Amino acid sequence: MAIIRIYTGPDGKSHFEEIAPRLTPRGDQSESGELTPGSGIVVRRFDPKRSNPWHHAPGRAAVFTLSGAVDIEIGDGTVRRLGPGDILIAEDLTGQGHVTREVGPEPRVSVFVPLH
């Protein structure tokens, strides 16, 4: 599982940052991460041939990929592939933005959770 943050840097371009969740033992052979405030969920299904040119995240959100895959490209040409189990923290609300390209053959299904 990868947790990838995409954000706008001081240079006006989108950047990637890997996030390692801080997990605390619960004493029952499990660990919990900290609560991230959010509200509601949106389920989206993307055609496997879909491509979305340069755009910004429409709002801060955690995007959980359930099936399929997507390539996300930022301004310096770096591309990250996110697949089932990966989480994107979308925060590049300004600047150049990013490109998304679905990676077939199946549709990508993701859950979007708006963040406060």
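What follows draws every value from the coordinates through simple rules; no lab data is involved. The structure displayed is predicted, hence computed values, not measured ones. Cβ: placed from backbone, ideal geometry, glycine included. Neighbour counts: every protein chain shown.
Would you pick out the residues in the range 70-102 that are surrounded by fewer than 17 Cβ atoms within 10 Å (Cβ to Cβ) and in contact with a Gly (Cβ under 9 Å, 6 or more places away or on another chain)?
GLY83, PRO84, LEU93, THR94
Filter the range 1-13 for residues that are of a type in the set (D, E, K, R) and either part of a loop (DSSP other than H, G, I, E, B) or over 16 Å from ILE72 (Cα atoms) (or both) and give the result.
ASP11, LYS13
Within the range 28-50, which residues are out of contact with any Leu (no Cβ under 8 Å at 6 or more places or on another chain), farther than 13 Å from VAL111 by Cα and exposed (fewer than 12 other Cβ atoms within 10 Å of the Cβ)?
ASP28, GLN29, SER30, GLU34, LEU35, ASP47, LYS49
Only residues that are more than 30 Å from VAL99 (Cβ to Cβ) and assigned to a loop (DSSP other than H, G, I, E, B): list them for the range 14-35, please.
Of everything in the range 14-35, those that are more than 30 Å from VAL99 (Cβ to Cβ) and assigned to a loop (DSSP other than H, G, I, E, B) turn out to be ARG22, ARG26, GLY27, ASP28, GLN29, SER30, GLU34, LEU35.
Yes/no matrix, rows are residues, columns are (1) without any contact (Cβ under 8 Å) to a residue 40 or more places away in the chain; (2) in a strand (DSSP E or B); (3) among the β-branched types (Val, Ile, Thr):
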position: ASN52; (1), (2), (3): no, yes, no
position: GLY75; (1), (2), (3): no, no, no
position: ARG81; (1), (2), (3): yes, yes, no
position: GLY85; (1), (2), (3): no, no, no
position: VAL99; (1), (2), (3): no, yes, yes
position: GLU106; (1), (2), (3): no, no, no
position: SER110; (1), (2), (3): no, yes, no
